[in-house]
Amino acid sequence: MTATLPTAAPPAAPPGRTRRRRTGGALAGWLYATPTTLFVLLLFVLPLLLVLQMSASDWPLLSGNQGVNFPENYQDAVSNRFFWDSVVFTLKYTILTTIILLALSLGLALLVQESSRWKGLLRTSFLIPSALGLASASLLFYVIYSPIAGPFAELMEAWGFTFLGTPDGALWSTIFLIVWRYAGFYMLLMLVGLQGISEDVYEAARIDGASRWQTFRDVTLPLLKPTLALTTVLCITGSLLAFEQFYILTKGGPDNSTITIVQLIYSVAFQGPNNLGVAGALSVIVLLALVVINIAQIRAFGRKVED
């Protein structure tokens, strides 16, 4: 029996080397974070500070900053003759679009998930409109809705109607465009959430004798709440900031009935008043409203997910 000699412990690294290693790691971390930090500063923080300054200043478009004009800018923003009408219309559009878009996208996701033979074809077909930019899609539908050059021009002339000629027609025509454009994108998000639900849960529900409706109501929807929270926040935020589709399709008409709050900001800044101060005040009001709405949504869905 041979005795084993104790192995010597490796020599400890000199304190200077350890310190340099830690410094190098910290420096590398800062270097990795620098591009993102610059991106946030240049494209978010600085524009936000500029808008805050504009909202408190007398700032004509062509004359620059003329001094402090607070709180007059906010008073002028709220007293604008289109302010409350644009707020009501934006909320109406947001509610309708969110309900229709999320319900349809969930239905499409369920259809794609249940389909075995045509899954790839269905998924691609629903996603194709999402590859088109919103401005391009709006121009496409502007031609489709045209009573002169559109494919339904003769039909509109024979029946005496236009897609964009009435307030309700303009609203629903724009909603149809948005649903066509974004249904595939939200379907993909829903599909990811559905595929994250374990098949064992559905198997247990089938063993318990649950019907398809009961399985959807008591299993699918509760487990899909995180995805529903994400899609709801995205859809509501995007709808509240609607601009391109209405600017291209309706220009706020007919009779100023489809002016959104972002259109009003654009109009005050670059059309008519050319007042960047009041436009900045409107932008700050919209930003605060978005923050409050998103916090309320996140807290509400957070409680539901915990339950």
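The values are calculated or read from the model by the stated rules, or taken from the named source; none is laboratory data. What you see is a predicted model, and the numbers here were worked out from it, not measured in a lab. Cβ sites come from the backbone with ideal geometry, for glycine too, and all protein chains shown count toward neighbours. Surface accessibility is based on the protein's heavy atoms, side chains included, excluding ligands, DNA and RNA. Shrake-Rupley method; radii C 1.70, N 1.55, O 1.52, S 1.80 Å.
In the chain, the DSSP-assigned H stretches of four residues or longer account for a calculated mean residue ellipticity at 222 nm of -22000 deg cm²/dmol, using -39500 (n - 2.57) per stretch and the full residue count as denominator. Accessible area per residue for segment 171-281 is 45 Å², calculated with a 1.4 Å probe on protein heavy atoms, without ligands, DNA or RNA. Counting only C-alpha contacts under 8 Å and six or more residues apart, can you give the relative contact order of segment 181-296 as a whole percent? Answer for segment 181-296 is 16 percent.
When the Cα positions of Thr34, Tyr142, Leu46 are compared along the charge dipole of the chain, Thr34 comes out farthest toward the positive end, with charges on each C-beta of Lys, Arg, Asp and Glu. Each of Phe246, Thr231, Phe270 was scored by the projection of its Cα onto the charge dipole of segment 136-279, and the greatest displacement toward the positive side belongs to Phe270; charges sit on the C-beta of Lys, Arg, Asp and Glu.
Overall form of the chain: oblate. Here a/c, set by the Cα gyration tensor axes a ≥ b ≥ c, is 1.5 or more, and a/b is not larger than b/c. Cross-link partners for Lys251 among the aspartates and glutamates, with Cα-Cα distance under 18 Å and sequence neighbours closer than 8 places in the same chain left out: Asp85, Asp168.
Below 15 angstrom from the Cβ of Gln75, what's the summed charge of the other residues (Lys, Arg +1; Asp, Glu -1)? Computed value for this residue: -2. Using the Cβ atoms and a cut-off under 13 Å, what net charge is assigned to the surroundings of Phe161, where Lys and Arg are +1 and Asp and Glu are -1? So the environment of Phe161 carries a net charge of -3. Per residue, the solvent-accessible area of segment 86-149 (1.4 Å probe, heavy atoms of protein chains only, all protein chains present) comes to 55 Å².
Which residue, Gly29, Gly277, Gly253, has the most motion in a Gaussian network model of the chain that connects Cα atoms within less than 10 Å? So, out of Gly29, Gly277, Gly253, the one fluctuating most is Gly29.
Averaging the sequence gap over all C-alpha pairs within less than 8 Å and six or more residues apart, then dividing by the number of residues, gives segment 88-230 a relative contact order of 31 percent.
The magnitude of the dipole of the chain, with charges of +1 and -1 set on the Cβ of Lys/Arg and Asp/Glu and taken from the Cα centre, is near 1420 debye. Each Lys or Arg adds one and each Asp or Glu takes one away; over the other residues whose Cβ falls under 15 Å from the Cβ of Ser86, this sums to 0. What a 1.4 Å probe finds exposed on segment 152-271 is 62% carbon and sulfur by accessible area, rounded to a whole percent.
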